[in-house]
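To start, the structure under review is shown below, and the notes come after it.
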Amino acid sequence: MWDPWRSARASEDLRGRLKWFLLGRLAVISCFLGVVGALLLHSGEDGYVVPVQHLLLFIAATYAFSMVSALVLPRTTHLRGFAHIQIAFDVLLITGVIFLTGGLDSPFPFLYSLPIINSAGLLIDRGVLTSALCAALAYDGLIAALATGLISSISFPLPAPVFDLSAGLRVASTNLTFFLIAYLAGILTRRIHEMERLILERQAERDHLALLQETLARTIGSGLLTTDPEGHVMSADTTIERLAGRSDTQLRGCDIGTIFPPLRLTPSARLRFTQSTTALAPVEFSHEDAGGAALHIRCVAAPLKDTYGHPIGALYVLQDVTRLKELEQQAPVSDLEDLYREDLEFAAELAEATDGLHGTSPAIRRVRELIDRVANSDTTVLIEGESGTGKELVARAIHAHSPRRDKPLVTINCGAIPEHLIESELFGHVRGSFTGAVADRAGCFRMADSGSLFLDEIGELPLHLQVKLLRVLQERVLRPVGGETSVAVDVRIIAASNRDLTAEVKAGRFREDLFYRLNVISVRVPPLRERREDIPLLIRHFLRQFSELHGRRVCRFAVSAGKRLLQYDYPGNIRELENVVEHAVTLCDGETATEEHLPAYLLRNGSRHSANPPSLTATAWSAPPPPPAEPDGTFDLDRDLAEYEKTVLLRALNQAGGVKKRAAELLGINYRSLRHRLQKYGLCEPGDLVAAETD
């Protein structure tokens with residue numbers, strides 16, 4: 001499709017290249033004139049073999065043609081035809097130079113490379129081979145005319161038509177050089193043109209992003225200010241200009257502490273802030289604008305980092321909440337929260353880190369601070385918390401901020417692997433070490449060499465393997481199953497458990513020495529009921545996530561549904577909240593999800609102090625009805641309990657899509673327990689039966 005804007009831009013580019021082309025021609029002719037003058041001074045006019053008047057007339061004609069071309073260029077609209085004329089003139093010009101300087105014996109055939117290269121630059125590859133062909137024809141025609149006596153060289157008149165083998169080889173090699181130069185010049189100009197195109201596209205993208213940023217700054221209703229890592233202002237929008245009483249030009253380069261003194265940080269505090277992944281706690285302070293009016297400002301600041309995690313500055317979001325403070329005496333707190341809830345949510349989302357830990361509550365902020373402190377060391381970390389709190393996200397955040405971030409993070413769930421296979425999964429095995437070992441296996445430790453190994457549900461690890469794990473942690477050396485040699489590994493261990501390992505140690509189910517080896521640094525991930533202020537932010541995040549996943553446009557919950565979500569205790573923590581929101585998004589056809597889109601169990605047990613809601617939260621379900629009595633009115637307890645348990649197992653498998661690990665999580669039991677229950681009722685696959693028999 002023809003694009004007039006792109007065509008006009010290409011014409012202007014060609015016009016600019018033609019200007020440089022004409023300037024270059026004048027420079028070459030001037031140099032040639034200088035060489036002629038030097039030869040005249042060196043040998044005298046009588047000793048110079050080429051008639052000087054011919055050369056001067058030749059140079060004058062070239063100057064005249066170039067001047068006329070320079071005058072015509074701004075007015076011509078047929079730029080390609082103009083470019084072809086210039087290339088043709090250069091070919092004729094060089095042919096005349098060769099004629100004046102000896103024909104076949106002339107040292108100037110190399111000058112033909114100039115119009116060939118210029119044609120490639122002016123016409124962007126098109127016409128370069130034509131220029132090479134024209135140069136070859138002009139040169140060959142001149143040599144043939146001289147050799148046959150049709151014309152004679154002014155400098156070296158030929159006594160007789162002579163054209164031997166040596167002359168033929170010289171002409172052939174010269175022609176080959178023309179086409180070789182054309183080929184190389186074509187390749188070079190194609191690449192240069194492609195690079196110019198990419199640069200223009202990147203500039204257009206950058207301008208587009210700058211326009212979007214400017215539009216955002218004008219429409220969010222809050223002031224945006226960015227600084228470099230030292231706290232010097234890099235940019236400020238109109239709202240900041242109004243608050244500070246200075247223009248953007250005056251603000252740039254100033255220390256932010258001189259503009260808003262409450263935001264001044266000491267060098268050590270600024271270093272910690274720019275290197276962290278968490279935002280500063282919201283700050284409120286009084287400020288006088290340029291007119292002397294007292295304002296109340298609320299500020300949220302977040303560090304800015306580049307792709308590699310290096311600090312590049314900070315972003316400050318400032319909001320004038322003076323009017324809200326004036327209304328504080330007239331309106332209840334709940335009404336005030338409604339007035340600026342959207343701005344608070346925007347500030348919270350802006351301060352939200354990219355490590356997957358959504359939330360700005362003090363509890364999650366403490367977790368982020370601890371992650372920043374322990375990430376740069378190789379210390380073993382034990383992550384404790386209830387199921388569904390995001391322990392794996394914490395492990396990934398520690399690895400992502402550590403010096404090992406470019407190395408692998410290998411994750412293994414110690415409770416989801418059969419006991420007879422977990423040793424091989426951890427330490428690897430050699431071929432033939434046991435039945436089914438048809439090839440060597442590296443194991444998780446060696447796969448994570450130089451990186452990090454995340455041992456999830458470490459409390460499920462059998463005691464005899466705890467001894468081997470302890471040895472690896474102490475000596476950093478392991479021996480594969482069936483192997484005869486030990487292998488050294490460099491691995492950072494990050495472990496997690498939803499059990500109280502201290503109680504497990506007292507009960508004899510977990511080794512005390514391994515516990516102390518793992519518990520060098522302990523990170524406790526708070527349950528959702530201890531960070532209830534993060535629930536609205538998490539709901540918004542999951543709404544966006546599942547709306548995109550399922551192709552819906554669910555933007556919000558109705559007030560009644562939102563109250564139930566905020567009052568529920570979430571014993572399944574973030575995982576349960578995620579399932580509840582996905583359930584609502586899946587069933588909702590509009591933009592607002594209501595109570596009817598929530599799981600049934602949450603509607604029955606939706607109070608903040610609800611006790612023991614069911615574990616299966618992926619979809620709304622109710623327990624199966626009680627089995628009917630026999631005709632005589634009696635019951636069979638064992639049979640009825642078995643039928644009930646079988647029904648629950650089938651529903652869990654159905655909700656988990658047949659994934660047994662997921663079904664075990666929904667039921668709140670470990671994988672081995674689920675597998676034995678499935679075997680008991682004949683619900684397992686043949687591979688599971690073989691695994692169960694070997695346990």
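The values are calculated or read from the model by the stated rules, or taken from the named source; none is laboratory data. Predicted, not measured: the structure shown is a model, and the values here were computed from it. Reconstructed Cβ throughout: ideal geometry from the backbone, glycine too, with neighbour counts over all protein chains shown.
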> What do you reckon, is Gly257 modelled with pLDDT of 85 or more, of a type in the set (Gly, Ala, Ser) and more than 19 Å from Val283 (Cβ to Cβ)?
Replying inline: no
> If you check Asp534 against the conditions, is it of a type in the set (Asp, Glu) and assigned to a helix (DSSP H, G or I)?
Replying inline: yes
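Yes/no matrix, rows are residues, columns are (1) surrounded by 15 or more Cβ atoms within 10 Å (Cβ to Cβ); (2) of a type outside the set (A, V, I, L, M); (3) part of a helix (DSSP H, G or I):
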{"site": "Val505", "(1), (2), (3)": "yes, no, yes"}
{"site": "Phe510", "(1), (2), (3)": "yes, yes, no"}
{"site": "Leu538", "(1), (2), (3)": "yes, no, yes"}
{"site": "Gln545", "(1), (2), (3)": "no, yes, yes"}
{"site": "Ser560", "(1), (2), (3)": "no, yes, yes"}
{"site": "Asp569", "(1), (2), (3)": "yes, yes, no"}
{"site": "Ile574", "(1), (2), (3)": "yes, no, yes"}
{"site": "Leu577", "(1), (2), (3)": "yes, no, yes"}
> Can you name every residue in the range 101-120 that is assigned to a loop (DSSP other than H, G, I, E, B) and of a type in the set (Val, Ile, Thr)?
Replying inline: Thr101
>> Residues that are exposed (fewer than 14 other Cβ atoms within 10 Å of the Cβ), at pLDDT 80 or above, part of a helix (DSSP H, G or I) and hydrophobic (A, V, I, L, M, F, W, C): does the range 164-175 have at least one?
In response: yes
> When the range 246-296 is examined, which residues are found to be over 34 Å from the mean Cα position of the chain (by Cα), within 25 Å of Arg365 (Cα to Cα) and among the hydrophobic types (A, V, I, L, M, F, W, C)?
Replying inline: Phe285
> For the range 41-62, how many residues are at pLDDT 70 or above and either exposed (fewer than 15 other Cβ atoms within 10 Å of the Cβ) or outside any helix (DSSP H, G or I) (or both)?
Replying inline: 4
> Residues Leu142, Leu158: which one is in the same structural domain as Gly102 (by TED's automatic domain parsing), modelled with pLDDT of 75 or more and not aromatic (Phe, Trp, Tyr)?
Replying inline: Leu142
> (1) surrounded by fewer than 17 Cβ atoms within 10 Å (Cβ to Cβ); (2) modelled with pLDDT of 70 or more; (3) within 22 Å of Glu530 (Cα to Cα); (4) not assigned by TED's automatic domain parsing to the domain that holds Leu501: which one isn't true of Glu369, the others all being true?
Replying inline: (4)
>> Being out of contact with any His (no Cβ under 6 Å at 6 or more places or on another chain) and either farther than 21 Å from Leu409 by Cα or modelled with pLDDT under 85 (or both) is the filter here; which residues of the range 426-442 pass it?
In response: His429, Val430, Arg431, Gly432, Ser433, Phe434, Thr435, Gly436, Val438, Ala439, Asp440, Ala442
> Can you tell me which of Glu548, Glu582, Glu591 is charged (D, E, K, R) and free of Cβ contacts under 8 Å to residues at least 24 places away in the same chain?
Replying inline: Glu548
> With Ala664, Ala652, Ala584, Ala642 as the choices, which residue is in contact with a His (Cβ under 6 Å, 6 or more places away or on another chain), assigned to a helix (DSSP H, G or I) and modelled with pLDDT of 70 or more?
Replying inline: Ala584
> Which ones in the range 516-530 are crowded, with 20+ Cβ neighbours inside 10 Å and either assigned to a helix (DSSP H, G or I) or among the acidic types (Asp, Glu) (or both)?
Replying inline: Leu518, Leu528
> Looking at (1) surrounded by 15 or more Cβ atoms within 10 Å (Cβ to Cβ); (2) assigned to a loop (DSSP other than H, G, I, E, B); (3) of a type in the set (A, V, I, L, M); (4) at pLDDT below 80, which is the one condition that is false for Ala611?
Replying inline: (1)
>> As an exercise: evaluate Asp500 against (1) surrounded by 16 or more Cβ atoms within 10 Å (Cβ to Cβ); (2) closer than 24 Å to Ile669 by Cα and give the number of the one condition it does not meet.
In response: (1)
>> Anything in the range 69-98 that is among the hydrophobic types (A, V, I, L, M, F, W, C), modelled with pLDDT of 80 or more and either more than 54 Å from the chain's Cα centre (by Cα) or outside the structural domain of Ser173 (by TED's automatic domain parsing) (or both)? List them, or say none.
In response: Leu92, Leu93, Ile94, Ile98
>> I'm told Leu336 meets every condition in (1) modelled with pLDDT under 85; (2) in a helix (DSSP H, G or I); (3) within 22 Å of the chain's Cα centre (by Cα) except one. Can you identify the failing condition by its number?
In response: (3)
> So Gly415 clears everything in (1) outside any loop (DSSP other than H, G, I, E, B); (2) modelled with pLDDT under 90; (3) under 30 Å from Leu538 (Cβ atoms) except one condition, right? Which one?
Replying inline: (1)
>> Looking only at residues that are in contact with an Asp or Glu (Cβ under 7 Å, 6 or more places away or on another chain) and of a type outside the set (D, E, K, R) in the range 402-425, which one is farthest from Leu674 (Cα to Cα)?
In response: Thr411
> Going by the conditions given, is Gly451 of a type outside the set (D, E, K, R), at pLDDT below 90 and in the same structural domain as Ile398 (by TED's automatic domain parsing)?
Replying inline: no
> So, in the range 396-412, of the ones that are assigned to a loop (DSSP other than H, G, I, E, B) and either in contact (Cβ under 8 Å) with a residue 24 or more places away in the chain or in contact with a helix residue (DSSP H, G or I) (Cβ under 7 Å, 6 or more places away or on another chain) (or both), which residue ends up farthest from Gly451 (Cα to Cα)?
Replying inline: His401
> How do the helices (runs of 4 or more DSSP H) wholly within the range 226-315 filter down when requiring 3 or more residues that are β-branched (Val, Ile, Thr) and not assigned by TED's automatic domain parsing to the domain that holds Ala375: which remain?
Replying inline: 238-244, 256-259
>> Suppose we filter Glu425, Glu460 for residues that are crowded, with 16+ Cβ neighbours inside 10 Å, free of Cβ contacts under 8 Å to residues at least 24 places away in the same chain and not assigned by TED's automatic domain parsing to the domain that holds Leu666; which single one remains?
In response: Glu425
